[in-house]
Amino acid sequence: MHSTPRTGTEEPLLSICDLRVTFGTPEGQVVAVDGASLDIHPGEVLAVVGESGSGKSQTALAVTGLLARNGTSEGSILWKGGEILGLPEHQLARLRSEEIAMVFQNPMTCLNPYLRISTQMIEGMTMNRKMTRTQARSACIDMLETVQIADAANRIDRYPHEFSGGMLQRIMIAMSLLRRPRLLIADEPTTALDVTVQMQIVQLLKHIRRKYGTAIMLITHDLGLVASISDRISIMYSGQIMESGLAENVFSNPRHPYTRALLDAIPRIDQNDGELRDIAGEPPDPASRTSGCPFHLRCGYRIASCIENRPDTLGSREHAHACHLSNET
Amino acid sequence: MLYFILKRIAIAIPTILALIVLSFTLMHYAPGSPFTGERPLPPEILTNLEAKYGLDRPFPQQVARYVWNIVTEFDFGPSYSYKDRTVNEIIAQGFPVTLTYGSLAFIVSIMVGATLGIVAAIHRTTWLDSLTVGITVGAQVLPNFIMAPILVLVFTLWLGWLPGGGWQGGQWPYLVMPIIALSTSFMASIARITRSSMIETLNSDFILTARSKGLPFHEVVIRHALKPSMLPVISYLGPTFVGLITGSVVIDIYFSTGGIGQHFVNAAINRDYPLIMGVTILTGILTVVFNLIVDILYVWIDPRIQY
Ligand SMILES: Nc1ncnc2c1ncn2[C@@H]1O[C@H](COP(=O)(O)OP(=O)(O)OP(=O)(O)O)[C@@H](O)[C@H]1O
Ligand SMILES: [Mg+2]
């Protein structure tokens, strides 16, 4: 499906193993991520796809140590082979500043409305790199031009409310790239944008990966959007990884009923019957996890063991899945 | 921005003029006269007095003369009750006193209040937060007229550390209790406002962005959260200012500081109309100017405000 699928000989950049993220709330414990594992190799684009509430954002936030105060993470998160889960805050801050950058869903609210774009871009550059303000400023202007903001030299001193959503997201992406991260985590970077702008942002991410070799973890609930950019895909549901593998394997040979349901939900231009095929039913409540496969309540292929045991994840990096049915056949 | 400031000043001037005319009219039609004492004055003396102060002339003429004197010379005329002293002299003597401890109380309220609020917000759900909230809730129900006797009781009568009143040219032992008594409740309100707006700001998306850049947390607070979380505090500065002015009347009397508040009360008791009007108009002008500064501050902080 995509140009250069990585084979997995080199060491992964990021390797999440059996991650569990829980939140303490007055109503009890909420399990947002429930034993998820995934890894990303240098320069690779991994799409993490799942419905709202499946734990995608919390996985990303756990990596960078930005969980809400009431959140705890367990398991293992390796960055270049070293454990980063539970690192002290100043080391995590350093990791965020130098290696792992993030772009969030809503560009309209993610930039500080009270500060100029230039102020927000330059800060953090002059701090960690030995750079003067003038150097940092011209680096920012260059980066804005890379993300196709016209007349960047003048517009850099404007305030966020003077830009459109699509432009703000480009600015956010430019800002995240300034520190030359090895990994860019983009958490639904297109969800808040117009459909026409969505594809432009995806094109931009592709361009960035090509230009800087940045690995990208692209979080989305829109499987259709990531088809053209992702090397690999992880399908997430109810805090667990249902299926993962090379993009072409997942797209052409989906093994998990949930993946198939997601693929069916992609609107197609060629068979536009005017209705979106949503998956029937609701995802399980993260505050009360049930036993067995989390998808069994909505699954049309349910067998007895689906209700009792959680399926093991079988397969390789090229293609793996967690489903009793496919495991048996 | 300059245009905005000029426009606001252009609005402020008629406001002040209206204030002057209105207070004069109210005083003119208020029942009674400064010369109705316990024993009625003989009619010829009354006529003489009225002629001396110009009270025999028609009302419009009186207003015009009053406004004219203020606008051209900032002259509020003679006092009725303090013989041979002008309102200007009395104000010149009392006003600096009130202004000194008043502005210090203002600064203390903001600095201490905002600091407490920020500390509480940052250490939310820890004992430090609970302590600050406890203190501010307690302090908020302690207005100046309750704080003043408590302070005197503790620091003058029990501990003997501070003088119970007086001014002595504003030496610090005489300043401490007026400032604390006047600022406590405002300090508490500002602390509460700062705390809740800081907590709200820290939950914003842009704070997450700032943290994701790897800025240390104190820099995230100072660079990104301070400005937006101070906006509600700034809108509270107007009411604080007015509250401090009215509170100073209590302080002046309780601590015998010789400030303008003391004269104001005396003037009201003696029906010294020029003095009442002088103090009223002066505080009115200050309030207008102060609100002007607050408005400008607002526009300066929030780039989204259209002006
Ligand atoms: N601070 C918190 N306290 C309690 N529960 C939380 C907290 N933060 C997130 N959650 C819960 O964790 C679950 C997973 O949330 P997450 O944000 O990872 O979902 P998501 O997959 O990113 O969904 P979306 O597509 O809506 O962004 C949700 O059910 C959410 O309610
Ligand atoms: Mg999310």
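Just a few scattered comments:
- Selection status of B:L237, more than 14 Å from chain A (Cβ to nearest Cβ), more than 28 Å from B:T126 (Cβ to Cβ) and in contact with a Leu (Cβ under 8 Å, 6 or more places away or on another chain): no
- Filtered by the rule that a residue be in a strand (DSSP E or B) and farther than 17 Å from A:I219 by Cβ, the range A:72-99 gives A:T72, A:E74, A:G75, A:S76, A:L78, A:W79, A:G82, A:E83.
- Just one of the listed residues (A:L115, A:L78) is more than 16 Å from ligand 1 (Cβ to nearest atom), within 18 Å of the chain's Cα centre (by Cα) and crowded, with 17+ Cβ neighbours inside 10 Å, and it is A:L78.
- Among residues of the range A:100-115, those that are in a loop (DSSP other than H, G, I, E, B) and within 8 Å of chain B (Cβ to nearest Cβ), counted: 7
- Search result, residues across the range A:46-60 that are within 9 Å of ligand 2 (Cβ to nearest atom) and either more than 11 Å from A:T22 (Cα to Cα) or among the acidic types (D, E) (or both): A:S52, A:G53, A:S54, A:K56, A:S57, A:A60
- Close Cβ contacts (under 6 Å, 6 or more residues apart or on different chains) running from residues in the range A:46-57 that are more than 14 Å from chain B (Cβ to nearest Cβ) to residues that are within 9 Å of ligand 2 (Cβ to nearest atom) comprise A:V48/A:K56; A:V48/A:I219; A:G50/A:K56; A:E51/A:H221; A:K56/A:I219.
Each row is one residue, and each column tells you yes or no for (1) more than 24 Å from A:G124 (Cα to Cα); (2) surrounded by 18 or more Cβ atoms within 10 Å (Cβ to Cβ).
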position: A:M175; (1), (2): no, yes
position: A:L178; (1), (2): no, yes
position: A:A186; (1), (2): no, yes
position: A:T190; (1), (2): yes, yes
position: A:Q200; (1), (2): yes, no
position: A:H221; (1), (2): yes, yes
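- Of the helices (runs of 4 or more DSSP H) lying entirely inside the range B:55-145, the ones with 2 or more residues being surrounded by fewer than 18 Cβ atoms within 10 Å (Cβ to Cβ) and hydroxyl-bearing (S, T, Y) are found at B:87-122.
- All of (1) free of Cβ contacts under 8 Å to residues at least 40 places away in the same chain; (2) at positive phi hold for A:R69 with one exception: (2).
- Within the range B:204-234, considering residues that are small (G, A, S) and more than 25 Å from B:S189 (Cβ to Cβ), the one nearest to the other protein chains (Cβ to nearest Cβ): B:G214
- Of the residues contained in the range A:134-153, none is found to be surrounded by 14 or more Cβ atoms within 10 Å (Cβ to Cβ), among the acidic types (D, E), closer than 29 Å to A:L262 by Cα and more than 14 Å from chain B (Cβ to nearest Cβ).
- Meets criteria (within 12 Å of ligand 2 (Cβ to nearest atom), part of a strand (DSSP E or B) and in contact with a helix residue (DSSP H, G or I) (Cβ under 8 Å, 6 or more places away or on another chain)) for A:V33: yes
- Candidate set: the range A:43-75, residues that are closer than 25 Å to A:I208 by Cβ and of a type in the set (V, I, T); chosen: the one farthest from ligand 1 (Cβ to nearest atom): A:V45
- Looking across the range A:189-226 at every residue that is more than 18 Å from A:A247 (Cα to Cα) and within 14 Å of chain B (Cβ to nearest Cβ), the one that is nearest to ligand 2 (Cβ to nearest atom) is identified as A:T191.
- Wholly within the range A:130-237, helices (runs of 4 or more DSSP H) carrying at least 1 residues that are farther than 23 Å from A:Y114 by Cβ and out of contact with any Cys (no Cβ under 8 Å at 6 or more places or on another chain): A:133-146, A:165-177, A:195-212, A:223-226
All of the numbers you see were taken from the coordinates with simple rules; none came from a lab. Since we're looking at a predicted model, the values are computed, not measured. Cβ coordinates were reconstructed from backbone atoms using ideal geometry, including for glycine residues, and neighbour counts include every protein chain displayed.
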